[in-house]
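Some notes on the structure that comes next.
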Amino acid sequence: MAIIVQKFGGTSVASVQHIQNVARKILATRAAGYEVVVVVSAMGHETDRLVNLANEVDFQESSARRELDVLLSTGEQVTVALLAMMLMKLGCPARSFTGPQAGFVTDSSYTRARILNIETSGLASALSAGEVPVVTGFQGADEAGNITTFGRGGSDTTAVALAAVLKAKECQIFTDVKGVYTTDPRVVDSARCLARVTFEEMLELASQGSKVLHSRAVEFAGKYQVPLRVLSTFDDLDFDNLPGTLITNEEESDMEQPIISGIAFTSDEAKLTVLGVKDIPGIAWRILGPISEANIEVDMIVQNVAADNTTDFTFTVARNDYDEARGLLEKVARDIDAREVTGDNKIAKLSMVGVGMRSHAGVASRMFEVLANKSINIQMISTSEIKISVVIAEEYIELAARALHAAFELDLESNPKK
C-alpha cells in the first residue's frame, strides 16, 4: 500500500477543534487506500510563547542553545499526543512519536541541527500494526542523545525527509493558504495560486523569503525526488483532483514556462560592511571565517575595489544574527587593520524567480526600470540563471512587490512582459 506523508502546520492544529478536522482528513486519506504518516507543528503561537519565556530569562550565552532546544521541542509533543488521542477516539489506531523516537539522528548544532540519519524501524512497526504514526516536526537528537531542533519552519523538513526514506507517493504540506502564490496575497491582492512550480523555482522562492515552505524541505524534496504538494487544511481533499500547488521536476512541468513564476521578499535581513580592507589574497576568508564558525549564514556578498587597492566588503545575514555578527566583525576589523564596520538592520530583500529567465533577456533591466520609476534605490544586486535579487530599504518592500507584480503581469497564467 502506498504511503502519503501529511504535515500540518501550527494554524492547522491551533485548537482541539482544528485537531479534530485534521484527524478527519487523515481518515479520508486512509479511506482512499493509503497508509498515512503524519508530521505536526506546535499549536498556533505556542513556539512564540516558549521563545518569549526564554527571552524573559534573558540568558544569551551560546550554552543556552541546548536548553532552548529542550524548551522548544515541547510544543510539538503536546500536538502529537492530542492528535493521536483524537484519531483513536475516532476509531483509528495511532501512536505518537517524538523526533528521537521516530529515529531522527542529527548533528549537535543546537537550534540549527542537520539530519544525519533516520532509523525508521519504529515507524515501520507502527504502520505494520495498522497504526498512524504521528511525529513531532522540527526535532531529533544528536548521537549523544541531546534534543536538537532544525530551526523555525523545520517541520517541513521533517515531513519531506520522512517521505524520502519511506519512499512515499507524495508529501503533502497542509497550511492556511491554498498553495504557492505568485507573491504574498496579503500584500498583493491580485496574487495568483500556482498549479505547478519546479523544485528549482520553489527552492529559490523559499530561500528568498516565501513563507509557504522551508527551503531545506524543498532541497530535500528535489534531491530525493519527493513529489511535494502544498494545499489548504480548510479545503476538501479530493484525491481524484487534488488541489493546491504541485512542486515537481522542470521536465514534468509545462513546456512553455512563464518568464517569472513568483516574487519573494523578506524583511528579516541585515547588512554589514567592513570598510577599508586591504585587497590581498585570503581577506574574504579572514572576514567570513569567524562568521561561519559561529554558524551564522551569509546570504548576498558584494566586494568593491577602490583605486587605492582597498575594498569595501559587504554581506547580508538574518536580522536576528546581526548583533552577534557585528560583534565578531568588530574584532576581525581590528585584526586586519580595516577602517571601520558599518551596518544596517532596516533593509529588505526582494527576489524575482522563474525558469523562463533562461530564455528571455531583459528581465533585469525591466525590473530596475520599474523600481526606478517608484524612486526605490537598489543597495545590492545578486543574480542567477533563474533569479534576480535586490536589497532595498525595508520601508519600500511592499511598494516594490506590488509594482513588479503588476509590471510582469503575474496575475495572468503567462506573463509576456519584459
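Values in this text are rule-based calculations from the coordinates and carry no lab data. Everything numeric in this text was worked out from a predicted model, so none of it was measured. When we count neighbours, we look across all protein chains shown, and the Cβ atoms used for this are built from the backbone with ideal geometry, even at glycine.
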What is the dipole size for region 56-196, taken about its Cα centre, with +1 at each Lys and Arg Cβ and -1 at each Asp and Glu Cβ, in debye to the nearest 20? 640
Percent of all Cα-Cα pairs per 5 Å bin for region 3-176, counting from 0 up to the last occupied bin, reads 2, 9, 19, 22, 20, 14, 8, 4, 2, 0, 0
Could you tell me which helices of the chain pass both thresholds, a Cα extent of 18 Å or more along their own axis and a mean Kyte-Doolittle hydropathy of at least -1.0, with helices taken as whole DSSP H runs? 16-31, 64-89, 322-335
List the chymotrypsin sites (Phe, Trp or Tyr not before Pro) within region 224-319 that fall in a DSSP loop (any state other than H, G, I, E or B) and whose Cβ has at most 16 other Cβ atoms within 10 Å. Phe234, Phe239
Can you give the convex hull volume per residue for the Cα atoms of region 263-407, as a whole number of Å³? 128
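Using only the Cα atoms, work out Rg/Rh for the chain, with Rh taken as the Kirkwood radius, to two decimals.
On the way: Rg = 22.7 Å, Rh = 22.8 Å.
Over the Cα atoms of the chain, Rg/Rh equals 0.99.
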Considering the options Ala318, Gly343, Ile397, tell which one lies farthest towards the positive end of the dipole of region 286-418, charges being +1 on Lys and Arg and -1 on Asp and Glu at the Cβ, about the Cα centre. Ile397
Per-peptide average of other Cβ atoms within 10 Å, ordering 159-167, 8-16 highest first: 159-167, 8-16
The ³J(HN,Hα) series, computed from each phi in region 135-144 with the Karplus coefficients 6.51, -1.76 and 1.60 at θ = phi - 60°, rounded to the nearest Hz and given as x for glycine or proline, is 10, 5, x, 6, 8, x, 8, 7, 5, 8
Pairs Lys7/Lys89; Lys223/Lys346; Lys331/Lys387; Lys346/Lys374: which exceed 31 Å Cα-Cα? Lys223/Lys346; Lys331/Lys387
Just want to confirm a number: the relative contact order over region 1-126, from Cα pairs under 8 angstrom separated by 6+ residues, in percent. 22
If we sort 191-202, 361-372 on the protection proxy, mean other Cβ atoms within 10 Å, highest first, what's the order? 191-202, 361-372
For Tyr181, other-chain or 5+-apart residues with amide H closer than 5 Å (H placed, Pro excluded) are Leu194
Taking only DSSP H segments of four or more residues, each worth -39500 (n - 2.57), what value at 222 nm results for the chain once the sum is divided by all its residues, to the nearest 500 deg cm²/dmol? -10500 deg cm²/dmol
Debye calculation, C-alpha points only, no solvent: report log10 I(q)/I(0) for region 3-50 at q = 0.18, 0.27 Å⁻¹, in the same order as the q values. -0.55, -0.95
Top positive-direction residue, dipole computed over region 261-305 with Cβ charges, set Thr266, Ile280, Pro290: Ile280
For the peptides 295-307, 21-33, what is the packing order when you average, over each peptide's residues, the other Cβ atoms within 10 Å and list the highest mean first? 21-33, 295-307
Residue among Thr79, Ala28, Ser96 farthest towards the positive dipole end of region 3-176, charges placed on Cβ: Ala28
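Taking the Cα centre of region 260-364 as origin and charging only Cβ (+1 Lys, Arg; -1 Asp, Glu), how large is the dipole, in debye to the nearest 20?
Values: 11 positive and 16 negative charges, 58 e Å.
Computed about the Cα centre, the dipole is about 280 debye.
Going through region 85-159, which GluC sites (Glu not before Pro) have at most 15 other Cβ atoms within 10 Å and a DSSP loop state? List each step's numbers first, then the result.
Working: sites: Glu119, Glu131, Glu143; in loops: Glu119, Glu131, Glu143.
Within region 85-159, the qualifying GluC sites (Glu not before Pro) (loop, at most 15 other Cβ atoms within 10 Å) are Glu119, Glu143.
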